[in-house]
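Undergrad: A single structure is presented below for examination.
The values are calculated or read from the model by the stated rules, or taken from the named source; none is laboratory data. Note that this is a predicted model, so its numbers are computed, not measured. All Cβ positions, glycine included, derive from the backbone under ideal geometry; neighbour counts span all protein chains shown. Side chains included, ligands, DNA and RNA excluded: accessible areas come from the protein's heavy atoms. Shrake-Rupley method; radii C 1.70, N 1.55, O 1.52, S 1.80 Å.
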Amino acid sequence: NAGVTQTPKFQVLKTGQSMTLQCAQDMNHNSMYWYRQDPGMGLRLIYYSASEGTTDKGEVPNGYNVSRLNKREFSLRLESAAPSQTSVYFCASGPQGSPSGANVLTFGAGSRLTVL
Amino acid sequence: SQKIEQNSEALNIQEGKTATLTCNYTNYSPAYLQWYRQDPGRGPVFLLLIRENEKEKRKERLKVTFDTTLKQSLFHITASQPADSATYLCAARDNTGKLIFGQGTTLQVKP
């Protein structure tokens, strides 16, 4: 049981390049999330998907797009990378799609992105 | 805006002592609070959840309290060990259902 799998683990980009971070979960969870983590800032939500076919903006969505490809997969795309997007990105999934309930999350191992 | 706040200063304690970490929330009343542990270079891992109608929750050496009057949760690790050294994150769902996190508090347990 792999849980939440993110790829790649590390990536270096030049300013203006594009890339997609992939995330897949095998727990049949309804909701999926993308967070970024920066020193002193904690985890900040970029986008989330409460259920297959829906996506919503989080706290810091600018410069990012997402696709909920199916129930298992949720990708994050940087169309034109900027140095401010240098960060560690975490994908997570939770069993609940509705706003109520606790929705305990399972996280991936993280993707470390550097934009030069 | 709805916020979760933790003391960003590192907490250093001696092995065997009790570590107490604080989580405060503002501008809303979450029905649940969650605590996660994060080790360097890894994703957060869920530890405990406490509901608003529960004053206290325990799991082995861990204890979490939830004070809706103070708008605060305390996370205790009793008989702390060097292996407990990590960053601990508090989280709660906001009114739209999104899970928001505090900045995390780093605990260092010295032998």
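Undergrad: Going residue by residue through region A:31-50, is there one that turns out to be part of a loop (DSSP other than H, G, I, E, B), more than 9 Å from chain B (Cβ to nearest Cβ) and touching a residue at least 24 places away in the same chain (Cβ under 8 Å)?
TA: To start, the set of residues in region A:31-50 that are part of a loop (DSSP other than H, G, I, E, B) comprises A:39-41, A:50.
So of that shortlist, the ones also more than 9 Å from chain B (Cβ to nearest Cβ) come out as A:39.
Checking which are touching a residue at least 24 places away in the same chain (Cβ under 8 Å) leaves us with none.
No, every residue in region A:31-50 fails to be part of a loop (DSSP other than H, G, I, E, B), more than 9 Å from chain B (Cβ to nearest Cβ) and touching a residue at least 24 places away in the same chain (Cβ under 8 Å).
Here's the yes/no breakdown for (1) in a loop (DSSP other than H, G, I, E, B); (2) among the small types (G, A, S); (3) at pLDDT below 95:
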residue: A:G53; (1), (2), (3): yes, yes, yes
residue: A:N65; (1), (2), (3): no, no, no
residue: A:F74; (1), (2), (3): no, no, no
residue: A:S80; (1), (2), (3): yes, yes, no
residue: A:V88; (1), (2), (3): no, no, no
residue: A:S100; (1), (2), (3): yes, yes, yes
residue: A:N103; (1), (2), (3): yes, no, yes
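Undergrad: Within region B:68-87, can one find any residue that is surrounded by 15 or more Cβ atoms within 10 Å (Cβ to Cβ), within 20 Å of A:C91 (Cα to Cα) and under 10 Å from the mean Cα position of the chain (by Cα)?
TA: yes
Undergrad: Which of the following residues is assigned to a loop (DSSP other than H, G, I, E, B), open to solvent by 30 Å² or more (accessible area, probe 1.4 Å) and either free of Cβ contacts under 8 Å to residues at least 12 places away in the same chain or within 28 Å of A:E59 (Cβ to Cβ) (or both): B:N24, B:N95?
TA: Among B:N24, B:N95, only B:N95 is assigned to a loop (DSSP other than H, G, I, E, B), open to solvent by 30 Å² or more (accessible area, probe 1.4 Å) and either free of Cβ contacts under 8 Å to residues at least 12 places away in the same chain or within 28 Å of A:E59 (Cβ to Cβ) (or both).
Undergrad: Sort out which residues of region A:9-27 are in contact (Cβ under 8 Å) with a residue 60 or more places away in the chain and either touching a Cys at 6+ places or on another chain (Cβ under 6 Å) or not aliphatic (A, V, I, L, M) (or both), and write them in order of number.
TA: Pass one, region A:9-27, residues in contact (Cβ under 8 Å) with a residue 60 or more places away in the chain: A:9-19, A:21, A:23, A:25, A:27.
Answer for region A:9-27, where residues must be in contact (Cβ under 8 Å) with a residue 60 or more places away in the chain and either touching a Cys at 6+ places or on another chain (Cβ under 6 Å) or not aliphatic (A, V, I, L, M) (or both): A:K9, A:F10, A:Q11, A:K14, A:T15, A:G16, A:Q17, A:S18, A:C23, A:Q25.
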